[in-house]
1. How many angstrom lie between the C-alpha centres of segment 197-266 and segment 79-118?
2. Jot down the per residue volume, in cubic angstrom and as a whole number, of the convex hull over the alpha-carbon atoms of segment 170-300.
3. May I ask for the net charge around residue 95, where only other residues with Cβ less than 15 Å from the Cβ of residue 95 are counted and Lys, Arg are +1 while Asp, Glu are -1?
4. What nm value, rounded to one decimal, do you get for the distance between residue 283 and residue 98 when each label is placed 7 Å out toward the C-beta?
5. Calculate the FRET efficiency for residue 77 and residue 186 from the Cβ-Cβ distance with a Förster distance of 35 Å, rounded to the nearest 0.05.
6. On a 21 Å Cα-Cα criterion, which of the cross-link pairs 16/115; 7/74; 93/288; 44/111 come out too long?
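FYI, it's all coordinate maths here, none of it is from the lab. Only a predicted model underlies this, so the values are computations on that prediction, with no experimental measurement involved. Note that we place each Cβ from the backbone using ideal geometry, even for glycine, and neighbour counts take in every protein chain shown.
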Amino acid sequence: MEEIFFKLRKAWKLRKNKFDLGGFLKVERFHTPGYLVMCIFSLKENEYLPFYRYHLQYYFENNPLGNEQTFLTKVIEYVDQDIKSRETLHYYKTITKTRIYRLSKFREALKQVDKWEVTLTNEDRIKKSVSYVQEIMNWQNINDTKTVLSKLLFDEVGSDKFFIEYKNIIEQRDRLQSELADKISELNEQKKKHKAIAPMTKVQIVSGDHKPLLDLLLQMKDLENPSTKRNYLQGSPDTWASLLSNYFEYGDNNIPKDNNREINWNSVRDYFLGKSGISLLKSHNREKYFHIKESNRDYT
């Protein structure tokens with residue numbers, strides 16, 4: 001029988017508890033990892049452990065033979081998967097960094113209940129291994145060779161256990177250092193790719209705000225090809241928002257009152273999602289914006 005880890009809400013009904021997972025319209029168990037991290041984003045830091053214990057209790061109620069280490073491992077697995085995904089796909093977006101930060105804080109809070117070192121990161125394990133080896137070396141330095149050999153060979157604990165432990169730690173340290181080096185190399189490659197497509201300078205808005213430009217892109221998004229009478233361009237709201245925020249900014253002599261030259265990606269994205277922008281369509285406002293018309297140019 002498959003283990004059930006987290007309590008999901010029922011679709012089309014109000015939540016019985018704010019910690020229940022899932023959306024209002026549709027809830028499917030295979031989307032549980034996504035439901036979990038989205039709920040974490042909405043929590044305050046003092047709610048992390050109550051949230052964890054709420055679902056742990058539900059896990060025990062549905063899995064009499066279960067144990068907390070298994071449950072904690074599953075939580076960390078889902079959290080780490082989401083962090084890795086966001087670091088790989090959308091690392092340079094502000095919202096991504098904010099969410100990675102929140103997941104990391106949640107992960108840090110779980111160390112308070114971790115008796116099995118499940119929450120240790122690769123970096124934590126390396127530090128622990130290096131610290132242990134350094135402790136052995138320090139102890140060795142203050143003892144003469146005869147004393148050291150005597151302890152290793154005739155200690156009640158036994159020398160075999162010591163050497164096996166020492167060997168395992170060194171091997172684990174080397175493996176983790178190798179993995180860390182691979183991750184650093186991968187991150188550097190991602191940075192190079194980003195630099196390759198990121199412009200050195202941005203197109204500057206030198207008069208007025210960015211609303212006319214935003215409206216122009218919204219019109220472009222819905223343009224039809226005159227020849228085929230079908231949609232000409234296709235792109236996700238994220239892509240359109242990135243086009244505006246990554247390549248345009250306010251000019252030196254046209255800086256807004258908040259002194260922020262950047263165009264906010266999140267607020268722009270809402271327009272392409274249809275959550276904002278109703279005022280742009282009102283007839284008495286249209287004179288403030290550009291109008292795309294069919295061209296009469298002959299390209300033959």
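1. Taking the Cα centre of each part, segment 197-266 and segment 79-118 sit 31 Å apart.
2. Working: hull volume 30.1 nm³, N = 131.
Taking only Cα atoms, segment 170-300 has a hull volume of 230 Å³ per residue.
3. On the way: positive: 86, 93, 97, 99, 102, 269, 275; negative: 82, 87, 238, 262, 270.
For residues surrounding residue 95, the net value is +2.
4. 3.8
5. Numbers: r = 20 Å, r/R0 = 0.58.
Efficiency, from the Cβ-Cβ distance: 0.95.
6. 16/115; 93/288
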